[in-house]
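Asker: Below: one structure in structure tokens.
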Amino acid sequence: MIIQQNIAQSFQSPIVRVLLGAIAVGLLYVLWREVRKIPAKLFTLMATAFVDMLGLLMIIPLLPFYVKTLGGSGIDVLGMHFGIGMIIGFIVAAFTVAQLLSAPMWGRFSDRVGRRPTLLIALGASAIAYLIFGFAHSLLVLFISRIVQGAGGGTVGVIQAYVADSTDPKDRARALGWLSATTNLGVALGPVLGSFAIALGKRDLMPGSGTMQMGHAAPGIMAAALCLLNMIFVARYLRESRDFSEQPRAGELRRTSSQAIWRVISHSSEPASRLIWIYAIAIGAFQGSFSVLALFLNARFQVTEQTIGYFFMYVGGISVFARVLLLGRAVDWLGEANLSRLGIVLLATGVVGMPLSRNLGMLAFAVALIPLGTAFTFPCVTALLSRVTAPGERGLYMGMQQTYGGVARIIAPLFFGWAFDSIGVSAPYFFSSAILLATISLGFGLDKYARPGRSVAREVTGEKREA
């Protein structure tokens, strides 16, 4: 029988706290030394992605409170009552659907007019959405703000295409790892800044006035201000990365977003399609199992809402360490294809190791494999995707990767939640591990696209393809 551990008691030890503090200081020092090596153009793009994610995560944790304030105990529509939980679900789903639909469109738009103007337009749309959110006085307006935000927020693929355009193929996985580490930092700090904005909204803009306050609009105003600052930053420091002098070859088709989305299904054996499926299935299996993680840790190891933060701090620290310090060296040693397979094996081992852990030490080891696996898998798959797609379609395919991954992130939690309730608390992790290992078969034969110095995009796209 699994021995339950009270993690809260473990963290009460002064020795453990001093050790964690020393590790954190050492990690920050090593990271700072590594950050100083980042090229200026990539550092500029990382700053753009960080500020964008910072604004987004300021708002998301506050959304349920805004819905409760505007919706009370719920609403009645056509004789049906919708509670607060259902309303929040609809609003979150609206954002997700808008983002999924817009991602390949933004990618195609960036292929045609450039990455830089696409980012400027998307940031402007996000600023408008944040202002609508801040001053929303009804659930309908709040709903509209999230649709606008989702439509303007499908630019992850554009930013990834920007990185692919601006870096040598051999350095792309490393650069994408740095980029994802930066966005993870925005995810961590965004909610803190949102809480600060709420406190700021209660203060008088003019001391003693008693009336000049931003109130609940403060987070939306601050997020919009971040977007505007980001627009200025992009306009001033980011140069266009898309090379329009390179004309598409006769056999290279300029597909629309809908045609490209369907092609991933109808031509699933193509290298780009296989990489998108690997990304989508793997990220669905990973995040689906994580959707019930808090419930699993509570049932097996007595983790509570007061101690779950330590767990995510541990995972986040290893993730940043792996993406910034280990990923580049591992790519140089193994190549993207081999490293992505190793990442999937590590991820599957870590996921299945959690329900098999019988003490806190075993759990810590299993959990450490998970951020290592994600750090090695997803940047490498994205780097390979940039290799097998032509520059004229790179933004489109990067956007499609986000769309398919987003669909997986919607479907997978439903399945794993059902498995948790109906089969057992460990079932999601056994299922996840099996699914992850199965995706390795999709990567067979992709090694040749990871060889440095090879014009893979021309080799792949130069072939005659069906419409």
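Asker: Go ahead and run the numbers for FRET between Leu101 and Leu356, Cβ-Cβ distance against an R0 of 35 Å, rounding to 0.05.
Answerer: Here the calculated transfer efficiency is 0.30.
Asker: So what J values fall out for segment 398-408 if you push phi through Karplus, 6.51 cos²θ - 1.76 cosθ + 1.60 with θ = phi - 60°, rounded to Hz, Gly and Pro as x?
Answerer: My calculation for segment 398-408 gives 5, x, 5, 4, 5, 5, 5, x, x, 4, 4 Hz in order.
Asker: Quick one: compute the contact order of segment 261-462, relative version, from alpha carbon pairs under 8 angstrom and 6+ residues apart, as a percent.
Answerer: Rounded, it is 37 percent for segment 261-462.
Asker: At a Förster radius of 60 Å, what calculated FRET efficiency corresponds to the Cβ-Cβ distance of Thr256 and Val18, to the nearest 0.05?
Answerer: My answer for the efficiency is 0.55.
Asker: If you stretched the chain out fully between Ala364 and Asn298, how much longer would it get, using 0.36 nm times the residue separation minus the C-alpha to C-alpha distance?
Answerer: Full extension from Ala364 to Asn298 adds 22.2 nm.
Asker: Using the Cα centre as the reference, give the magnitude of the dipole from point charges on the C-beta atoms of segment 261-462 (Lys, Arg: +1; Asp, Glu: -1; all else neutral), rounded to the nearest 20 debye.
Answerer: Magnitude of the dipole: close to 360 debye.
Asker: Still on this structure, I have one more. Given the Cα-Cα distance of Leu63 and Ala93 and 0.36 nm per residue of separation, how much length would full extension add, in nm?
Answerer: So the chain would gain 9.5 nm between Leu63 and Ala93.
Asker: Taking θ = phi - 60°, what integer Hz values does the Karplus form 6.51 cos²θ - 1.76 cosθ + 1.60 yield along segment 178-187, in sequence order, with x for Gly and Pro?
Answerer: Result, ordered by residue: 4, 4, 5, 5, 5, 5, 4, 5, x, 4 Hz.
Asker: Using a 7 Å offset from the Cα along the Cα-to-Cβ direction at both Ala40 and Ser266, what is the distance between the two label points in nm, to one decimal?
Answerer: Going by the 7 Å Cα→Cβ label model, 4.7 nm.
Asker: For a Förster distance of 35 Å, can you work out the FRET efficiency between the beta-carbons of Leu189 and Met80, rounded to the nearest 0.05?
Answerer: For Leu189 and Met80, the calculated efficiency is 0.30.
Asker: Quick one: what are the phi-derived ³J(HN,Hα) couplings along segment 332-346, Karplus 6.51/-1.76/1.60 with θ = phi - 60°, whole Hz, x for glycine and proline?
Answerer: For segment 332-346, the Karplus-derived couplings read 4, 7, 10, x, 5, 5, 5, 5, 5, 5, 4, x, 5, 5, 4 Hz, x marking Gly and Pro.
Asker: Using Cα pairs under 8 angstrom and six or more residues apart, how large is the relative contact order of segment 37-240, in percent?
Answerer: It rounds to 36 percent for segment 37-240.
Computed from the coordinates by the stated procedures, all read-outs in this text should not be read as laboratory data. Here the structure is a predicted model, which is why all the values come from computation and not from measurement. Here the Cβ is made from the backbone with ideal geometry for all residues, glycine too, and neighbour counts use every protein chain on show.
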